[in-house]
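Peer 1: After the structure tokens below, expect a handful of questions from me.
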Amino acid sequence: MKTVNHRDVGAGLLYVVLGLAFTIGASGYRMGTAARMGPGYFPFWLGVILTVIGAVVIFNAVRSRVAAEPMERWSMRGLLTVLACVVAFGFLLPHAGLIVSVLFLVIGVSFAGPDFSWRVALATAAVLLALTLALFVWLLDLQFTIWPPFATF
């Protein structure tokens, strides 16, 4: 039996909801023009683009009939692990510094997957830490605490 592609409908709905949230949230800020963007310009148009992409995905999912396939259950352990690590990153950043916070975030989020490997988690953390330092600290010159206060060199 052929039915609607439920995975694509779910993904499309997620895009539409996020896009509408960005669009509505940004509508309270000054827009400006393309030449002189205000604080609401980028999030507004990002929301519009996300909403259109979501609508196209939903349309294609409904139009193309696929074999009935149930959606898998969400991994609540993985979802809560990622959420907890992101919240912990926000709390750790001002107190423990960027290096410790990024390492905690990347290694902690690695635990969310079913195929956790210390070697892969540490390699990923090292690469993302190097990219984070290069982009945010050296290229953009953002003022972050790099090391914890007790370990300043």
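The values are calculated or read from the model by the stated rules, or taken from the named source; none is laboratory data. Please read all numbers here as calculations on a predicted model, not as lab measurements. All Cβ positions, even for glycine, are placed from backbone atoms using ideal geometry, and neighbour counts span all protein chains on display. Just the protein is used for accessible areas: all its heavy atoms, side chains included, with ligands, DNA and RNA removed. Shrake-Rupley method; radii C 1.70, N 1.55, O 1.52, S 1.80 Å.
Peer 1: Could you calculate the contour length gain from THR3 to SER27, that is, 0.36 nm times the residue separation minus the distance between their Cα atoms, to one decimal place in nm?
Peer 2: Fully extending the segment from THR3 to SER27 adds 4.9 nm.
Peer 1: Also, quick follow-up: Indicate the helices, whole DSSP H runs only, in the chain that combine a mean Kyte-Doolittle hydropathy of 0.5 or more with a Cα extent along their long axis of 27 angstrom or more.
Peer 2: Length and hydropathy pass: 6-26, 41-63, 76-110.
Peer 1: Here is a follow-up. If ligands, DNA and RNA are left out, what is the accessible area of THR145 with a 1.4 Å probe, given in Å² to the nearest 10?
Peer 2: The accessible area comes out at roughly 60 Å².
Peer 1: Further, regarding this structure: Ignoring ligands, DNA and RNA, what percent of the 1.4 Å accessible area of the chain is carbon and sulfur?
Peer 2: The value for the chain is 74 percent carbon and sulfur by accessible area.
Peer 1: Could you work out how much longer the chain between ALA11 and ALA134 gets when fully extended? Use 0.36 nm per residue separation minus the Cα distance between them, nm to one decimal.
Peer 2: Once the chain is fully extended between ALA11 and ALA134, it gains 41.0 nm.
Peer 1: Output the relative contact order of the chain, whole-number percent, from Cα pairs under 8 angstrom with separation of 6+ residues.
Peer 2: 22
Peer 1: Report, by chain and number, residues whose modeled amide H sits under 5 Å from the one on ILE146, excluding near sequence neighbours (fewer than 5 apart, same chain).
Peer 2: Sorted by chain and number, the residues that satisfy this are LEU98.
Peer 1: Rank these by accessible area, largest first, 1.4 Å probe: HIS95, HIS6.
Peer 2: Largest accessible area first, the residues go HIS95, HIS6.
Peer 1: Something else: Show the residues, 5+ positions off or on another chain, whose built amide H is closer than 5 Å to the amide H of SER75.
Peer 2: none
Peer 1: Then there is this: Using a 1.4 angstrom probe on the protein heavy atoms only, line up TYR41, TYR15, TYR29 by accessible area, largest first.
Peer 2: TYR29, TYR15, TYR41
Peer 1: Pull out a ≥ b ≥ c, the square roots of the eigenvalues of the alpha-carbon gyration tensor of the chain, then state rounded if a/c is under 1.5, prolate if not and a/b is larger than b/c, and oblate in the remaining case.
Peer 2: Since a/c reaches 1.5 but b/c is at least a/b, the shape of the chain is classed as oblate.
Peer 1: Next question. Over the Cα atoms of region 76-152, what is the Rg over Rh ratio if Rh follows Kirkwood?
Peer 2: 1.00
Peer 1: What nm value, rounded to one decimal, do you get for the distance between PHE116 and HIS95 when each label is placed 7 Å out toward the C-beta?
Peer 2: Output for this residue pair reads 2.2 nm.
Peer 1: How high is the relative contact order of region 76-152, in percent, counting Cα pairs under 8 Å that sit 6 or more residues apart?
Peer 2: Contact order relative to length: 39 percent.
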